[in-house]
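Asker: Supplied in structure tokens, the structure appears directly below.
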Amino acid sequence: MKTTMKIFTIALMASSLFLTSCSKDGEDGEDGTIGLQGEQGMPGADGTDGVDGVDGLDGEDGNANVSSFKFDITAASGTSHQLNNTTAATFVEDGGVLAYVRAGDIWYQVPNQRIFTNALSFIDIASEFVPNVSPNNYFFKLNFLRDGLPFIISAGDLDELRLILISSSNSTSGKSSSNNIMDKLYEKGVDPSDYYQVMEHFNLKE
């Protein structure tokens, strides 16, 4: 009888534990509903375009079309002096040539009147291009005068000659090249008779 009661008690306790476990676990709940996605906002307004920059100033012309040559003329004497070096016809006929003579510390543009020589006398100097026997080049020649007549100078009266050759890219039809070059220099505020202004304008070295 006691044995029967023990078995019944154990069975009752096991049944009680099983029911308790089931009541705690319960069934899983259903997944919640996913919320609706919100509407996309309106695009923002385009930004204002920036202000265009100011155009830069045009640069000054370079000296790519300009060449300069210096000659010792201390040996010049008599009524004229001609260079042994020649000048290309392209500069003489289509471009331009600026010439300057130095006596002491002063540079004079030639042709010119009243040049004060190292002998303390005044002379006039005319210039010309003499065609060479071979084509396409010229000799540069100085002629010394006083009151329109040939004048004899002595060696040492003059010191140097500078020739500045300017290519035909600066020439304009309907006008002589030399006049055109002079006009352009004056327009830019450069005095062609002032050796130093011309040298600075064309960025040429002594």
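Asker: Starting from the amide H of F151, placed 1.01 Å from N in the peptide plane, find each other amide H under 5 Å away whose residue is 5 or more places distant or on another chain.
Answerer: Long-range HN contacts for F151: F144, L145, R146.
Asker: When N is the residue count of the stretch 97-206, what does its C-alpha Rg come to as a fraction of 2.2 N^0.38 Å? Could the numbers behind the result be given before it?
Answerer: Values: Rg = 15.2 Å, N = 110, 2.2 N^0.38 = 13.1 Å.
Dividing the Cα Rg of the stretch 97-206 by 2.2 N^0.38 Å gives 1.16.
Asker: Return the sequence-ordered ³J(HN,Hα) values of the stretch 156-166 in whole Hz as given by the Karplus equation 6.51 cos²θ - 1.76 cosθ + 1.60 applied to θ = phi - 60°, using x for Gly and Pro.
Answerer: x, 5, 10, 10, 9, 10, 10, 10, 10, 9, 10
Asker: Between A88 and F71, with labels modelled 7 Å along Cα→Cβ, what's the label distance in nm to one decimal, could you check?
Answerer: Each label point lies 7 Å from its Cα, and together they span 1.8 nm.
Asker: Using each residue's phi in the stretch 66-83, evaluate 6.51 cos²θ - 1.76 cosθ + 1.60 at θ = phi - 60° and report the 3J(HN,Hα) Karplus result to the nearest Hz, with x for Gly and Pro.
Answerer: Rounded to whole hertz, the list is 10, 10, 10, 9, 10, 10, 7, 10, 5, 7, 4, 8, x, 9, 7, 8, 10, 6.
Asker: Quick one: 3J(HN,Hα) in Hz for the stretch 89-101, Karplus 6.51/-1.76/1.60 with θ = phi - 60°, rounded, Gly and Pro as x.
Answerer: Going residue by residue, I get 4, 4, 7, 6, 8, 10, x, x, 10, 9, 10, 9, 10 Hz, with x marking Gly and Pro.
Quick note: the coordinates plus some simple rules give every number you see, no bench work behind them. Everything numeric in this text was worked out from a predicted model, so none of it was measured. Cβ coordinates were reconstructed from backbone atoms using ideal geometry, including for glycine residues, and neighbour counts include every protein chain displayed.
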